[in-house]
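Structure record follows, encoded as structure tokens.
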Amino acid sequence: MCSTEVKPVFRDLAADDPEPQVTEIESFCTNCYANGITRLLLTRIPYYKNVVIMSFSCEECGYANNEIQPGGAFAELGVRWKLRVDNQTDLNRQVVKSDYTCVRIPELDFEIPAQSQKGEVTTVEGIVARAISGLAQDQEARKAEHPEDAAQIDEFLARLQALRTLESKWTLQLEDISGNCFIENPEAPAKDPRCERTDFPRSKEQDHTLGIFGQDEVNGAENGEEEKSQVSEPGFYEKMAADEVLQFKTNCPDCNAPADTNMKVTNIPHFKEVVIMATVCDACGHRTNEVKSGGGVEEKGVRYEVRIAGKEDFSRDILKSETCSMEIPELDLEVGGCALGGRFTTPEGLLQASAHQLENAPGVVGDAPGLAKEKLTEFLKKLQEVLEGRRAVTLVLDDPAGNSYVQSLSDDPQVPDDGLKVTRYERTYQQNEELGLNDMKTEGYSEDS
């Protein structure tokens, strides 16, 4: 019985790779209409993501072309970034743009539509510089043929140039339906004081723009209804809730190699039923675990304050949903819900996951400035002291959906746990809107409440 070693589809980018997996395809040359060679390399850029590098060359006419396309999956949600540019540090922030990133500067009523530029890794100033370069192209010929239009463009170029010199504060807005867009936080791991990120669900039209279609749209309405009936057949969810673990085929989110995902419905005592999904990739070793709530949004939000003063405090079970944010006031650390995702873990697991994401975050590692590296290194040292039980901190979990849970170490439910504080609270209008509950307003409920 023979077996083959499973290797990652996207391997790390390295100059000394002894066996780069390059695929060569005979392709049509658009310059001389002869046949040339297209080379494809699937690789992973450190601290960024998977990409497909394409290189075309024609021996007949010498024409060559290079292109980079994203190789990873689209995010489940689109993303919006809003940055207030106040100083030179903001101009130097690294920005990752995909092909689907729309750029807006409201102060100038300026917009770069999505899919009008290729994705790139640049800076805030680089975005403005590229816009200036594009508008200034062929300006001399425009002055001779259309002087009035050229004068208006010159005036607008001066306003764009003023953004680079920070004559006044301005706002940069990015919207990406693919979710693959990023703005560096120079204050990491502390919360960014001038940048806000908002996730939003895509519409069906936006899914179609990305080439995402539902099963019923692919197979037709008739086949879609048949698939739906199989899922909704009697006993399907009862089977999920049984002791057995369901398994289905998927692709690794890191290297895209074939992997198995295990799914199990379990009941957490004193809480509710949840769905736990775990994926292990034999090719690259990537491991993920994800937790989905088995019920809807609770009537009230919940806030947990967990005191961590020693290793014994790491034994609590924690269910963190995707809507739950995490904070450690003593370390000035704030983590949004989507950053760590939903997971069933312990305080130690949450801290280790935060450290891992910071070590691999774009903009604070790799070719980052020395100050950013020093701040990150100092923070990771403090975090390691917490993990070793040498530094006491308070772990704050805030879930406006109320679908998170922290285990009490008290054997008697009637006896309070000194290291755990639980607070239930009414959600604000903004929190309801982020949870998609803005249509559930009650009489007397206003945006100011």
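The values are calculated or read from the model by the stated rules, or taken from the named source; none is laboratory data. The model shown is predicted, which means the values in this text are computed figures rather than measured ones. All Cβ positions, glycine included, derive from the backbone under ideal geometry; neighbour counts span all protein chains shown. Only protein heavy atoms, including side chains, enter the accessible area calculation; ligands, DNA and RNA are left aside. Shrake-Rupley method; radii C 1.70, N 1.55, O 1.52, S 1.80 Å.
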- Could you please tell me which pairs satisfy a Cβ distance under 7 Å, a separation of 6+ or placement on different chains, a first residue in the range 184-202 that is within 14 Å of GLN173 (Cα to Cα), and a second residue that is assigned to a loop (DSSP other than H, G, I, E, B) and open to solvent by less than 40 Å² (accessible area, probe 1.4 Å)? GLU184/ARG93; GLU184/GLY363; CYS195/ASN185
- Query: Restricting the search to the range 92-111, which residues are crowded, with 20+ Cβ neighbours inside 10 Å, over 26 Å from THR30 (Cβ atoms) and modelled with pLDDT of 90 or more?
  - Reply: ARG93, THR101, VAL103, ILE105
- Members of the range 413-436 found to be within 19 Å of CYS324 (Cβ to Cβ), at pLDDT below 80 and in a loop (DSSP other than H, G, I, E, B), listed by number: LEU435, GLY436
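Taking LEU350 as the residue in question, decide whether it is in contact with a Cys (Cβ under 6 Å, 6 or more places away or on another chain) and either open to solvent by 50 Å² or more (accessible area, probe 1.4 Å) or at pLDDT 85 or above (or both).
Answer is no for this residue.
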- Which residues, taken from the range 291-331, are surrounded by fewer than 16 Cβ atoms within 10 Å (Cβ to Cβ) and either among the small types (Gly, Ala, Ser) or modelled with pLDDT under 85 (or both)? LYS292, GLY295, GLY296, ALA309, GLY310, LYS311, GLU312, SER315
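Restricting attention to the range 397-434, which residues are of a type in the set (Val, Ile, Thr) and touching a residue at least 40 places away in the same chain (Cβ under 8 Å)?
The answer is VAL406, VAL422, THR423.
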- Message: Any residue that is at pLDDT 85 or above and in a helix (DSSP H, G or I) - is there at least one of those in the range 29-44?
- Response: no
